[in-house]
Amino acid sequence: MTAPLLSIRDLHLSMSSYDGKAHVLNGIDLTVNRGEIWGLVGESGCGKSLTGLSISQLLPSPPADYMAGEIMLEGRDMLKLPRPELQKLRGNRIGMIFQDPTTNLNPAFRIGDQLVDVALAAARWKPGILDCPPGAGRSERKRAARKLARDMLERVGIPDAGMRLDSYPHQFSGGMRQRVLIAMALIGRPDLLIADEPTTALDVSVQAQILKLLKGCVADYDMGVILITHNLGVVAETCSHVAVMYAGNIVESGPVAAVIERPEHPYTRALMASIPTRDTRRGMLRGLAGSVPNLITPPPGCRFAPRCPHATAACMTGVPAPVRVGRDHAAACIHAKEPETAHV
Amino acid sequence: MLQFIVRRVLLLIPVLVGLTVIMFAIARILPGDPVALAAGPNATQAEIEALTVEYGLDQPVWVQYGHYVSGLLQGDLGTSLLTRRPVAADIAAYLPATLELVFAAMAIAVLLGIPLGLVTAVWRNRWPDYLSQVAAIGAISMPRFFLGLLLQLCFAMWLAWLPLGGRLPIIVIPPPSVTGFLTIDALIAGDWTAFTTALSHLAMPAIAMSLSPLATIMRMMRSSTIEVMQQDYVMTARALGLPRRQIITKYVARNAVSATLTVIGLYFGWLLGGTVLVETVFDWPGLGLYATKAIVSQDMMPVIGVALVIGLLFVLANLVIDLLYGVINPKVRYS
């Protein structure tokens with residue numbers, strides 16, 4: 001069996017701050033294969049973005065410190081790679097899309113120039129993406145990169161792609177800019193795409209278009225995707241799998257249908273219950289009492305225990321290990337039951 | 001674009017009117033009799049009165065002002081009491097020397113300040129940064145004339161590498177005047193000896209004038225670079241594998257320079273108005289030296305003329321800076 005595209009094992013990350021060392025990722029396990037779209041959900045500050053940034057190690061160190069664990073990309077541990085090797089992976093093995101399309105494009109350069117630069121950088125390690133013979137001159141490579149940039153803009157649904165190459169970012173709408181950023185992330189033909197809240201800053205109608213586009217690209221390019229979001233609706237609509245994070249842990253993970261239909265972790269259930277439905281009366285939004293624990297002095301045992309309605313004395317001792325609760329479905333709760341005895 | 005330039009040039013009019021009014025008022029408030037000073041110690045009362053009438057100084061101040069403005073519209077800046085020559089001709093003779101000095105100083109400041117600012121931002125909180133910070137505080141806090149004296153002591157007296165002062169010794173034949181800048185005129189004429197001589201005279205005063213803007217531009221560039229490096233698009237560029245060198249020299253630099261441009265424009269005016277001390281120390285035959293002599297002898301026409309020309313140049317420099325904003329920042333260009 002070949003190694004999975006991405007396999008994160010027991011990743012621990014701490015961030016130094018003036019108040020002390022915050023243990024922000026506390027043993028993350030995640031495996032992503034080609035063709036899978038993993039939704040990474042959780043409330044603000046649970047570590048989902050940090051997990052995304054950790055994969056291509058974009059966090060400045062210090063304050064970030066990878067204390068333990070491994071991040072394997074097709075069998076190679078990226079945490080052990082020297083900087084130049086890591087640099088080679090960015091853009092052409094791992095693509096990234098960030099939240100705010102208005103601030104993630106450089107305002108001073110034409111989008112064509114920005115796309116061409118990314119394509120040329122990726123083509124240094126992956127010459128195949130440019131349609132030109134080996135040993136081609138700089139101007140020839142540039143021309144090929146420009147053609148690729150136009151094709152990518154067309155692929156992400158930007159009309160008049162050839163003309164729009166010469167436009168500046170402020171001449172695009174928010175949704176169009178996110179399309180440009182998707183084109184930029186995909187121009188190096190990455191195997192893994194990390195999309196950090198790609199639709200949060202967009203109108204709801206545009207959100208759906210962008211998600212559909214992302215889904216189409218995944219099918220076209222046979223990528224694995226990690227979609228970071230706090231919106232369970234987005235997950236249900238777009239993802240094949242989901243991992244729910246709480247305070248630096250993945251508390252439940254599995255195929256989307258299984259997790260949404262039969263959430264086993266109390267936190268997942270609380271998240272699901274907080275989604276307003278048609279029957280929710282005005283002023284009756286259900287939230288989750290309490291707030292995320294302080295990660296400098298985290299609670300002992302299960303980090304969710306202080307807010308958990310089912311917590312018992314046993315929850316306060318020892319971090320709960322994931323319990324298998326279904327096919328590929330696991331929940332990190334000592335009360336979770338194996339499928340044979342689960343109360344379905 | 002054209003509309004923008006026209007509007008900005010029209011804005012010059014109130015600036016210039018304000019300048020002339022203020023300068024005229026100051027000229028009248030100052031005590032003493034400039035005509036008596038100009039006529040010399042042996043002049044009789046009748047001669048002084050004749051001169052006063054000749055220069056129209058016996059008339060009410062608003063009539064004088066009206067005469068001045070109507071002359072100004074024809075390019076006449078009045079006549080100097082001291083040299084008895086038209087002020088416009090004097091300024092035309094002295095201005096190129098000052099401009100050459102200011103441009104040279106600005107070139108040093110910009111060409112060194114911007115890369116140094118980038119480098120210190122990238123290496124921030126390490127030794128190159130600390131070193132530059134100390135040097136910058138020293139450069140900003142040291143008076144220019146004192147720095148000039150130090151440079152003279154070091155490079156002219158001890159090392160004897162550079163001449164003490166002046167612009168071009170009499171023994172060197174000046175190149176035919178095209179731009180009025182001796183260094184550039186010498187290059188155009190292909191006169192290598194004149195070029196190196198002119199350059200060696202220009203070096204010290206230009207360096208003395210450049211250090212303060214250099215330090216400011218460097219610090220400004222450093223802080224705006226640090227700010228730009230924290231922008232989301234820099235993270236995106238890193239995440240998508242652009243080489244670090246390209247990110248800094250291309251993507252970050254262009255965004256960081258636009259904040260620094262304002263300072264460059266302001267410093268240009270500051271240097272123009274502040275050449276007096278450096279020109280005095282280095283005996284540089286420019287506007288500053290000319291204006292100082294005029295002020296000492298209460299010869300107000302040259303003073304007003306110099307103030308006008310410097311004001312005009314300052315506004316023009318800032319117009320150029322504003323146009324450069326558009327080159328660097330497309331958002332400004334289109335709105």
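Put the Cα centre of the range B:102-148 next to the Cα centre of the range A:1-57 and the gap is 43 Å. For chain A, the dipole from Cβ point charges (+1 on Lys and Arg, -1 on Asp and Glu) about the Cα centre works out to 600 debye, to the nearest 20.
Grab the other residues whose beta carbon is less than 13 angstrom from that of A:Val225, score K and R as +1, D and E as -1, and report the net. Local net charge: -3. Classify the protein assembly as shown as rounded, prolate or oblate, taking a ≥ b ≥ c as the square roots of the eigenvalues of its Cα gyration tensor: rounded when a/c is under 1.5, otherwise prolate if a/b is larger than b/c and oblate if not. Verdict is prolate for the protein assembly as shown. For chain A, modelled as a GNM whose springs connect Cα atoms under 10 angstrom apart, the maximal fluctuation among A:His310, A:His241, A:His329 occurs at A:His310.
Suppose every Lys and Arg Cβ carries +1 and every Asp and Glu Cβ carries -1, with no other charges. What dipole size does chain B come out with about its Cα centre, to the nearest 20 debye?
Using Cβ point charges on Lys, Arg, Asp and Glu, chain B gives about 1820 debye.
In this structure the amide hydrogen of A:Val24, modeled in the peptide plane, comes within under 5 Å of the amide hydrogens of A:Leu13, A:Ser14, A:Met15, none closer than 5 places in sequence on its chain. Within straight-line reach of A:Lys147, meaning a Cα separation under 29 Å, sit the following lysines at least 8 residues removed in sequence or on another chain: A:Lys88, A:Lys126, A:Lys212, A:Lys215, B:Lys250, B:Lys331. Within a straight-line Cα-Cα reach of under 15 Å, A:Lys142 can be paired with the following aspartates and glutamates, leaving aside sequence neighbours fewer than 8 residues apart in one chain: A:Asp113, A:Asp117, A:Asp131, A:Asp151, A:Asp166. Dividing the helix sum by the residues of the protein assembly as shown, where each DSSP H run of 4 or more adds -39500 (n - 2.57), gives a mean residue ellipticity at 222 nm of -16500 deg cm²/dmol.
Scanning chain B for DSSP H helices at least 20 Å long along the axis (C-alpha atoms) with a Kyte-Doolittle mean no lower than -0.5 picks out B:2-29, B:87-122, B:127-141, B:192-229, B:253-273, B:300-328.
Taking the charge dipole of chain B about its Cα centre, with +1 at Lys and Arg Cβ atoms and -1 at Asp and Glu Cβ atoms, the residue from B:Ile114, B:Met204, B:Val9 reaching farthest to the positive side is B:Ile114. When the Cα positions of B:Phe103, B:Ile247, B:Pro330 are compared along the charge dipole of the range B:87-334, B:Ile247 comes out farthest toward the positive end, with charges on each C-beta of Lys, Arg, Asp and Glu.
Taking a span of 20 Å or more along the helix axis (Cα atoms) and a mean Kyte-Doolittle hydropathy of at least 0.5 as the rule, the DSSP H helices of chain A that qualify are A:204-221.
Springs join every pair of Cα atoms under 10 Å in this Gaussian network model of chain A, and among A:Ala122, A:Ala219, A:Ala330 the largest mean-square fluctuation is at A:Ala219.
Within the same chain, lysines fewer than 8 places from A:Lys21 are excluded, and of the rest, those with a Cα less than 30 Å from its Cα are A:Lys48, A:Lys80. What you get for the range A:106-189, charging only the Cβ of Lys and Arg (+1) and of Asp and Glu (-1), is a dipole of about 180 debye around the Cα centre. Springs between Cα atoms under 10 Å define the GNM used for chain A, and in it the highest mean-square fluctuation of A:Val156, A:Val204, A:Val234 occurs at A:Val204.
Bear in mind that the values in this text are calculations on the coordinates, not laboratory data. The shown structure was predicted, so the numbers you read here are calculated from the model rather than taken from an experiment. Glycine also receives a Cβ, built like all others from the backbone with ideal geometry; neighbour counts cover every protein chain displayed.
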